[in-house]
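Below is one structure, written out as structure tokens, with a few remarks after it.
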Amino acid sequence: MLPETAVSAFHPFTNYDFSNFYFGSGDDVYDTIHTYNQWFEAAYTGGYHIYREPLTTAPGAIISIHSNQGKRLDGLLNFSSYNYLGMANAPVVKEAAIRAINQYGLGASGGPNLSGMFDIHRELEAAVAAFKKKEACTTFNSGYAANLGIISGIMRSGDTIFLDQYSHASIIDGAILSKAKTIFFRHNNAADLDRKLAGVTGRKLVIVEGVYSMDGDFCKLPEIVDVSKKHGARIMIDEAHSAFVCGENGRGVAEHFGLEDAVDFHMGTFSKALGGIGGYACGDRGFIQYLEAYARSRFFSCTLPPAVSAGVLAALNHIEANPEIRLHLWRNVAYLQKLLQEAGIDTGQSNSQVMPVMVYDDAKVFGIAQNLRDQGIFLQPVTYPAVSKGKARFRLSVSAAHTIDQLEYAAQTIAGVLKEAGIPCK
């Protein structure tokens, strides 16, 4: 614990954020670390204690947590997990993982090229490729690693990458690692992309997300594709929040718009709709073969645990056999959107299962989160650096596991707490 005088120097804590401690003065690396920790002590007592609290249950519709204030909180209504289809704790998924752990043990104990490739990995890759209607697929041990590996694996110094300004950190970091020139275009703005592509020669890659993770809006893929093709740019789509959820058959936003073949490189994750962890890349066989040689985040990492791969495969098979799960999710999405709109709550441009509840006030959002928790709702605040300063919000994740009663209680409670905090509704 730092001295009280050091902590008090950073009150109110919202006058500072992570950007203030990225660089620092002094000759010792720890000069910046110490200054950051002085601020973080104030931030923790001011509201950051609400982060990193361990769950003691599966991330279902109802959860229990050990709060960082020393209390066990049971029976919280969970709207912060990505468990969109309820697969993280589905019996068929857990049973598959248990069988696999009995067969394979805990981890892969090796990278994919040496000793870490198991038959269950190849089964999962084949199943995802078939589901996505692509020639081949390869897997990564996280979605972050997938974006890092795909982008830096195929792009080089002298190339140009065009990113939506709301791109996920993993996409930005992949572009940085590639050493290609990176140009940002305005969010979902094909006209701005058109202007920035014009006159750029050489190898070009445009990267978009199917559903944007903090705003919940669909990518305007038809316009993006038209502009990209016009300028000879290849296209990559990150379907982390849309794969297995969007589209007639759940293949993602690319399927939703009928543009699966127009997109060159498909990326997605297993940590959202399928309830596991890991990422994948899909495309033609040549792309995947090249990627497995040059994606360093895959090549030099331990492979996904076999038990996780078995569980993810079971989840994929289950949702394919039971499309009503996905349809039920979309009914829940439509109903909650209706309730929130009727209450005048600002949910931005969301048209998906990811719904921002806009607060804008970076200081108030923590107190609102605590009030929601006191009324039985687990809904985590989101501030910089996950979103821009002054764009504080809650990111509400809807699941097929939520009941109508739970959705109604959530909408009513959120509206009441926002009103009490003085947050204007539309």
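Projecting the Cα atoms of 46, 32, 73 onto the charge dipole of region 6-104, computed from C-beta unit charges around the Cα centre, puts 73 farthest toward the positive end. For the listed residue pairs 204/389; 133/229; 230/338; 220/391; 196/364, the alpha carbons are over 29 angstrom apart in 204/389; 230/338; 196/364. In whole Å, how far is the Cα centre of region 220-287 from that of region 66-98? Rounded to whole Å, the Cα centres lie 27 Å apart. Highest-first packing order for the peptide set 351-362, 307-318, 101-112 is 307-318, 351-362, 101-112, based on the mean count of other beta carbon atoms within 10 Å. Rg and Dmax of region 91-321, both derived from C-alpha coordinates alone, stand at 17.2, 57 Å.
In order along region 156-172, phi translates into HN-Hα couplings of 9, 4, x, 7, 10, 10, 10, 10, 4, 5, 9, 4, 5, 4, 5, 5, 4 Hz, rounded to whole numbers, per the Karplus curve 6.51 cos²θ - 1.76 cosθ + 1.60 with θ = phi - 60° and x for Gly and Pro.
Name the residues whose placed amide hydrogens come within less than 5 Å of the amide hydrogen of residue 362, ignoring near sequence neighbours (fewer than 5 apart) on the same chain. The answer is 390, 392. Taking all Cα pairs closer than 8 Å and separated by 6 or more residues, the relative contact order of the chain comes to 20 percent. Cα convex hull, the chain: 164 Å³ per residue, rounded to a whole number.
Full extension of the chain between residue 405 and residue 157 yields a length gain of 83.9 nm, computed as 0.36 nm times the residue separation minus the alpha carbon distance.
Taking each residue as 0.36 nm, the span from residue 72 to residue 290 lengthens on full extension beyond its C-alpha to C-alpha distance by 73.6 nm.
If packing is taken as the mean number of other Cβ atoms within 10 Å per residue, what is the order of 237-245, 400-408, highest first? Spell out each step's value before the answer.
Working: 237-245: 29.8, 400-408: 17.4.
Final packing ranking: 237-245, 400-408.
Taking 12 Å as the cut-off, the amide N atoms of region 140-178 that come nearer than this to a point 7 Å along the Cα-to-beta-carbon line of residue 203 belong to 151-161, 178.
Per residue, the average separation of C-alpha pairs within less than 8 Å and at least 6 apart gives region 354-426 a relative contact order of 37 percent.
Using mean Cβ contacts within 10 Å as the protection proxy, how do 157-169, 382-394, 58-70, 273-285 order, highest first?
Details: 157-169: 18.8, 382-394: 17.2, 58-70: 15.5, 273-285: 24.5.
For the peptides 157-169, 382-394, 58-70, 273-285, the packing ranking is 273-285, 157-169, 382-394, 58-70.
When +1 charges are put on Lys and Arg Cβ atoms and -1 charges on Asp and Glu Cβ atoms, the dipole computed for the chain relative to its Cα centre reaches about 540 debye. Phi-derived couplings, Karplus 6.51 cos²θ - 1.76 cosθ + 1.60 at θ = phi - 60°, listed residue by residue for region 258-268: x, 10, 4, 7, 6, 8, 7, 10, 10, 10, x Hz, with x used for Gly and Pro. The alpha-carbon of residue 181 sits under 13 angstrom from the alpha-carbons of these aspartates and glutamates, leaving out residues fewer than 8 places away in its chain: 159, 173. Classification of region 126-165 by its C-alpha gyration tensor yields a prolate form. The axis ratio a/c (a ≥ b ≥ c) is 1.5 or more, and a/b outweighs b/c. Taken along its principal axes, the alpha carbon cloud of region 116-189 reaches lengths of 41, 26, 20 Å, longest axis first.
Is the shape of region 213-328 best called rounded, prolate or oblate, per the rule: a/c under 1.5 gives rounded, else a/b larger than b/c gives prolate, else oblate, with a ≥ b ≥ c the square roots of the Cα gyration tensor eigenvalues? Write out the running numbers ahead of the final one.
On the way: a/c = 2.04, a/b = 1.12, b/c = 1.82.
Oblate, because a/c is 1.5 or more while a/b does not exceed b/c.
Spacing of the modelled spin labels on residue 109 and residue 94, each 7 Å from Cα toward Cβ, amounts to 2.7 nm.
Quick note: the coordinates plus some simple rules give every number you see, no bench work behind them. All values derive from a computational prediction rather than experimental measurement. Ideal geometry is used to build each Cβ from the backbone, glycine not excepted, and the neighbour counts take in all protein chains shown.
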